[in-house]
Amino acid sequence: MIEVKEIEKRYGRKKILKGVSFTAEKGEITCLIGINGVGKTTILKAIMALTPLHKGQILIDGKPIDKHSFEKITFIPDSLTMLPHMTINEAMEFMKDFYTCWNQKRANELLGFFRLDPSSRISSLSKGNTAKVNLLLGLALDVDYVLMDEPFSGIDMFSREEIANVFTSHLIENRGVIITTHEIGDIEHLLDKVVLLDDGLVTKEFSAEAARENEGKSVIDVMREVYQK
Amino acid sequence: MKKYLQLVNFEFNRIVKLFTVLLGITFVAQMIGVVVQSRSYLNLANEKMYKEMMPQAEFLESFGQMSFLQIAKSSWFFGPIALCVAGVAFYIFFIWYRDWIGKNTFIYRLLMLPTSRLNIFFAKITTILLMTFGFVAVQLIMIPIEIMVLKAMVPNEFRLDLGVMEVVTSIPELTLIFPSSIMEFIFNYGLGLLAVSVLFTGILFERSYKWKGILAGLLYGALAVVVLLLPLLLHEFVLNNFFYPIELLVLEIIMGLLVLSASIWVSGFLLKKKVTV
Amino acid sequence: MKKYWKFISILVVILLSIGTFYVKSATSEENHPEFVIKTQSGDAKEIEPLILDGYYSDTSTMNYKSTNVKISSEGSTYERRSFLDQIIGQPPAVIKVYQEKYRSFMRGKGTNVNSFSETDQVLAYADVDYKTDSFHSHDFTFPISILNKEDGSVQSFTVEIPDSENMDYAFMEDVQMIEDELYLITNNMIRSSESSYDEKHVYTIDLNNQTITNDETLSQVPEGQEGNHVVAEIIRTSPTEANDHLILLQKEIKVIHDPESYREEVVKQEVISYNLATKEKESIPMSDLPIDSELSFFDGSSIYFIGVEEQEIVVSPYHLADGKAGEEYRLQLSGDADHGSAPMTTIKDGKLYLSGMQINPKLNMNATDVIVADVKTGEILFKGQITLDDSEATNQYELYLHEMLVE
């Protein structure tokens, strides 16, 4: 379980996060929803200790993050973080060198699934393919938790579909996923849990399934209620 | 340890192109220097001895023999060395900032490696050291080759042969890069390493706190200099030359190690707790 | 392994190249020639305690790097100045010994031999200290420390220098200790409205009261004589032996203005013996020899006036106790030695040691003299020359000797 407790973050004078708390369970897909600039990416970075917090605490399976945590949790940012002159093969080689949890078999599976040529250079890839490589490098790690920042933004429709398919496959099964997005259309049906963010605070944290079953509302309906209040 | 070596290898591979290009420029420019300087000496000799009928002995008396020092003092020789020095100086900053710039911000990847983040610091400082020593080492190999070319071009009686050691110890600027004793080598480059560690800390301050970080970095640098000079200042102005020179040297070495450890500790802290992507 | 090849190869290149360079530089014995003192006459045993310090430079390579060399009866030994030596520096031999024996006492006391005086019981130290701001110097004091060699106790105090308002600077020329009194001989530069001039002072310090009991000016600018000035030089003594007399060579110099230049002429020359304890001054008669204060020597009982005349060293002894001049004698220097420039001298245990200072084949100086003589009679005990052992060896070098030690 990832526990985010009362985290606060300022950029200069401006408070971005004013005490955000939520949890994300293993085996569930948790979605952080909010308009651009609400601090979704900052939360993911903070979980990975990529940016300092002014207050609050984040625990992963009950412990604060340390170097060993990176074999248990991975972050797929909204752009690929590999050197552009590397080929996909070299990028996979790099991951294999540094992560014991790298799963080459799964990587190969993903290569086939996405129809990527491993000898092509990262800098020569199309936007969609770059996003796929980004996903590949993250998902081929045998980690318990995957954080994804806007995996669908700025990507063509077909690639979007392919990526969305990943979420229903065994590649995601049993893992805890936190995903951020500002438009949930494509993936609404995939979500287990939704965290709505506004003005630096969690406005609502609810189970998508419960909302559907108990109140007969879709995620969009709940969002509409919250934001139009 | 293994992760550190892998990181060093990775970082080194990232500069290997720049490194080889600089070495290539150095070799070519210095070779041209050897040829140009030798030619101009020979032309002078020809002119004086054949056109003006100056006897060989008189020519040697008034113009001297040709030695490698004439080449080593020319900008054909010094220019590329200065370029390499500038390259290293530039790369001390670029080795960090290149990971933040562009849309493929590699620093995400580096900071998320399942290894101590201090290893990134160590790998980068080792790479700077490797690059520096690489230039020094290859230059030491180039000089004998250049001397051979000189020997091939200028006849014996017009030539004063010098060894590599004699060449590098005869030019004060070169003795900085190639000190004549191993002790000095360790001392000079140790001081260089210390300076790089302080610069790295300053860069990490900037990366952690942006504008305020620049100020913090500058303050840290100033503090490092003061701490380093503290024994000398106390000795000179407060303690009335209390220390013997050997004690001062030991104190300075201790201060240097202190500043180095402080830089490593502060950098480690910043990388772990404060750095932001 | 394959992806590490670049890294491994640069590592190998670095280790091999830089390693070889420093191994070579550490092991390569630089080709320095062997210098020897060749006996021409006398007993070679006489030069056994003699060590000459200097430096050798090879002039064939245009790089004017010099190497330290020590020349003794056993030949020459070269010492490349290591990095550590350069940092530590080379204090005079006497100071080195003091620093080893009295390490904590010698802290912060500098390396000026003239600031120390040693007796059987104590090692005394005194120096001149002052503050300087942009226009003038002020707060002149004597920091004084006396180490009792028996029980290791140290007496330290500072006294103000009297009448120092017009002083520009001052330095210690000698320190002597007789019983409970310390005598500080200083050279003070005095600022006056027209020009500056030097004064030699002897300050007597009572160690019990820690005060200056007497301030005697030994030489001053003469009154009236327009344009003349007085230069006083102290005749050398052994730095480690106590003396109750101070011998001064005082010259009155007249500046003669020619149309385009000026020259100096010694108008009057006087030797003064000053008894530190009784403060009595006595003029010592002297012949009209050329006297070089750098060469002359006072061994506590006799003064040996030494000067150079043509290719001869002229020595005239004067015995203080009975006030009589001794027999003057001359020592012949070889023709090609130093072109008449002064040699180094020192006197120890009744023997006069003399050595030339330079060998430079380019200037036709291929050898230089070493002479040991009985200082009283001038009888030559040893005569020889410093020269290359192998005369066929290089002739592109310079050898300078700068210190003479008799152990």
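Before moving on, here are some points about what is shown:
- Protection proxy ranking of B:83-89, C:86-92, by the mean of other Cβ atoms within 10 Å over each peptide's residues and highest first, is B:83-89, C:86-92.
- Selection from C:H138, C:A26, C:I386, by position along the positive dipole direction of chain C (Cβ): C:A26
- Counting only alpha carbon atoms, the long axis of helix A:157-168 and the longest principal axis of chain A meet at about 80°.
- Options B:N13, B:N156, B:G24, ranked by Cα towards positive dipole end of chain B, top entry (Cβ charges): B:N13
- Residue mean of other protein chain beta carbons inside 10 Å, A:66-73: 3
- Mean separation of Cα contacts under 8 Å, 6 or more apart, over the residue count of the stretch B:1-152: relative contact order %: 43
- Net charge dipole size for the stretch A:2-227 [Lys, Arg +1 and Asp, Glu -1 on Cβ; Debye, nearest 20]: 860
- Total charge dipole magnitude, the stretch A:8-62, about the Cα centre, Cβ charges on Lys, Arg, Asp, Glu only, Debye to nearest 20: 500
- Cross-link pairs exceeding 21 Å between alpha carbons, from the set C:K200/C:K281; C:K268/C:K376; A:K45/A:K67; A:K67/A:K96: C:K268/C:K376.
- Distances between placed amide hydrogens fall under 5 Å for A:L147 paired with A:T74, A:F75, A:I76, A:I178, all partners being 5 or more residues away or on another chain.
- Peptide B:107-120 - average C-beta neighbours from other chains (10 Å radius): 6
- About its Cα centre, the protein assembly as shown has a charge dipole of approximately 8220 debye under the convention of +1 per Lys or Arg Cβ and -1 per Asp or Glu Cβ, with nothing else charged.
- Computed from the C-beta positions of A:K105 and B:E58 and an R0 of 60 Å, the FRET efficiency is 0.10 to the nearest 0.05.
- In chain B, the calculated helix contribution to ellipticity at 222 nm averages -26500 deg cm²/dmol per residue, counting -39,500 (n - 2.57) for every DSSP H run with n ≥ 4.
- Modelled spin labels at B:I182 and B:S74, positioned 7 Å past Cα toward Cβ, are 3.6 nm from each other.
- For chain A, the relative contact order is 28 percent, taking Cα pairs closer than 8 Å that sit 6 or more residues apart in sequence and dividing their mean separation by the residue count.
- Computed 3J(HN,Hα) for the stretch A:191-197, one whole-Hz value per residue from the Karplus formula 6.51 cos²θ - 1.76 cosθ + 1.60 where θ = phi - 60°, is 6, 9, 9, 10, 10, 8, 10, glycine and proline marked x.
- At an R0 of 35 angstrom, the distance between the Cβ atoms of C:I178 and C:M344 translates into a FRET efficiency of 0.75.
- Relative contact order (%) - criterion: Cα under 8 Å, at least six apart; region: chain B: 22
- Ranking of C:K383, C:K281 by count of other Cβ atoms within 10 Å, fewest first: C:K281, C:K383
- Label-point gap, in nm, between C:E165 and C:V97 - each point 7 angstrom along Cα→Cβ: 4.5
- Proxy reagent accessibility, fewest Cβ within 10 Å first, across B:W96, C:W5: C:W5, B:W96
- DSSP bridge pairs, the stretch A:2-227: antiparallel proportion in percent, nearest 5: 55
- Residue of A:T74, A:T100, A:T30 that the Gaussian network model of chain A assigns the largest fluctuation, springs spanning Cα pairs under 10 Å: A:T100
- Between C:E282 and C:E328, the FRET efficiency estimated from the beta carbon spacing at R0 = 22 angstrom works out to 0.60.
- Across the stretch C:184-215, the residues whose backbone nitrogen lies under 16 Å from the label position 7 Å along the beta-carbon direction of C:H257 are C:194-195.
- Per-residue packing, averaged as other Cβ atoms within 10 Å, sorts the ranges C:175-186, C:44-55, B:185-196, A:59-70 into the order C:175-186, C:44-55, B:185-196, A:59-70, beginning with the highest.
- For C:16-25, mean number of other protein chain Cβ atoms within 10 Å: 6
- Dipole of the protein assembly as shown [Lys/Arg +1, Asp/Glu -1 at C-beta], most positive-end residue of A:S169, A:I2, C:L399: A:S169
- Restricting the trypsin sites (Lys or Arg not before Pro) of the stretch C:54-131 to loop positions (DSSP other than H, G, I, E, B) with no more than 13 neighbouring Cβ atoms within 10 Å leaves C:R103.
Throughout, read-outs are computed from the coordinates displayed, never taken from laboratory work. Since the structure is predicted, the reported quantities are computational estimates derived from the model, not experimental observations. Note: ideal-geometry Cβ built from the backbone for every residue, glycine included; neighbour counts use all protein chains shown.
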